[in-house]
């Protein structure tokens, strides 16, 4: 039996992986936060179902998958979601890669320090809130959207390359970001 | 004739994800991305990696979930568009502006205490709000913290479908730099302090391992009205990942029992 204390520790530990999966399911960062929060509450309430800690991640992902499908059913106007069949495929593939999430996060933190101050500022503003779009940023910074879009693209590319290099240095045989 | 170069897969993803993030995204946009991902395992691999990177970036930089904001008839200015409606959607800056003018509160009586009295590590200190010439209300102090920028987190609570929280909503404002924060609740059922009390929990990931911090116990005497409580912790909170309110026995407990979980708030 998993205790509440263990549950919250597990949840916090696996949160980056779960959030990434929620984002893949909803395709919108703000929706992903909502999905994750709903699932957290439901998991806590149904904790009796979880027998061993090792099953936590798969168990948690099943809540996300179920909730995502439920949202889709309830809100047929919700335009951005994948089919149930494809969600299952993503879930299986995602699970197989879950162990990389921690290593990627550590690498990312180092890589962010390698960005220029201007790039760091832009990334900070873009990712401060889940629902910020390039258009929002363009209005706020009074800069052309196309330029910001390109800059963010270049920054992501630099981060991807940097994470890939760092993971390879650490002996990961197939970096997913390369 | 020269064959056009195939589009860079990362550019394809960037373009489609940005499109899907926009408010006018359609079912066709999602279906198009799904078809591309299904047909191309490499693109799917890149998509999953991209989602993980996005999740990490939101987790590192996210400070405000920008979820529907809570207000109440008591605090909404009469001439504001929010008057008469309890939940409105606002940008943080707009919210700070109108909240700055609203100081009146309906208060539930609270008893705020902590059960664990852990001594913080040597060399750590807790920043305290400097005394102001005119004492600020708790609501004003909360607004001040919210407007101070920096590392201030502003996150919404989600209900657990529990009987005591069927109508409950609320939010957390927290700054790890200042070690100060406020819990705002609305619609939580009143409790009988001789039988049970509400208890706030903070899960802190700042030391590499997730540590539970007791955020104190409190009582709610009225079901209606806004309740704003300063968060008093004696452990240093470095990186809060989750805030939760549970119903526990009088005086609180060392670890949450979780039998009744009215509200949970996740940090970005």
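Just so it is clear, none of the values below were taken in a lab; they were calculated from the coordinates. Remember, predicted model here, so these are calculated numbers, not experimental data. Neighbour counts run over all protein chains shown; Cβ positions are idealised from the backbone, glycine included.
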Mind pulling the angle between the C-alpha long axis of helix A:100-113 and the longest principal axis of chain A? Nearest 10 degrees, somewhere in 0 to 90. 20
Angle between the Cα long axis of helix A:84-96 and the longest principal axis of chain A, 0 to 90 degrees, nearest 10? 80
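What Kirkwood radius, in Å to one decimal, follows from the Cα pairs of the stretch A:32-174? Before the final figure, lay out each step's value.
On the way: mean 1/r = 0.0550 Å⁻¹.
Computed over the stretch A:32-174, the radius equals 18.2 Å.
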Would you please give the FRET efficiency between residue A:89 and residue B:177, computed as 1/(1 + (r/R0)^6) with r the Cβ-Cβ distance and R0 = 56 Å, to the nearest 0.05? 0.85
So what is Rg over Rh here for the stretch A:110-178, counting just Cα atoms and using Kirkwood for Rh? 1.06
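Could you work out the Kirkwood radius for the stretch A:49-122, taking every pair of different alpha carbons, averaging 1/r and inverting it, reported in Å?
On the way: mean 1/r = 0.0653 Å⁻¹.
Over the stretch A:49-122, the inverse of the mean reciprocal pair distance is 15.3 Å.
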If the viscosity is 0.692 mPa s and the temperature 37 °C, what Stokes-Einstein diffusion coefficient in µm²/s follows for the stretch A:1-87 when Rh is the Kirkwood radius over Cα pairs? 249
Sketch the reach of a paramagnetic label on residue B:23 as a point 7 Å from Cα along Cα-to-Cβ, and name the residues of the stretch A:130-147 whose backbone nitrogen lies under 16 Å away. A:130-140
Can you tell me which of A:30, A:110, A:121 moves the most in a GNM of chain A? Springs connect C-alpha atoms under 10 Å apart. A:121
On average, how much area does the Cα convex hull of the stretch B:228-268 cover when viewed from any direction, in nm²? 3.9
Could you give me the percent of Cα pairs per 10 Å distance bin for the stretch A:1-40, shortest bin first, beginning at zero and ending with the bin that holds the maximum distance? 32, 48, 19, 2
Mind checking the angle between helix A:145-169 and chain A's longest principal axis? C-alpha axes, 0 to 90 degrees, to the nearest 10. 60
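Evaluate E = 1/(1 + (r/R0)^6) for residue A:145 and residue A:53, where r is the Cβ-Cβ distance and R0 equals 45 Å; express this FRET efficiency to the nearest 0.05.
On the way: r = 46 Å, r/R0 = 1.02.
Calculated transfer efficiency: 0.45.
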Amide N proximity, the stretch A:142-157 versus residue B:8 label position 7 Å along Cα-to-Cβ, cut-off under 14 Å: A:149-157
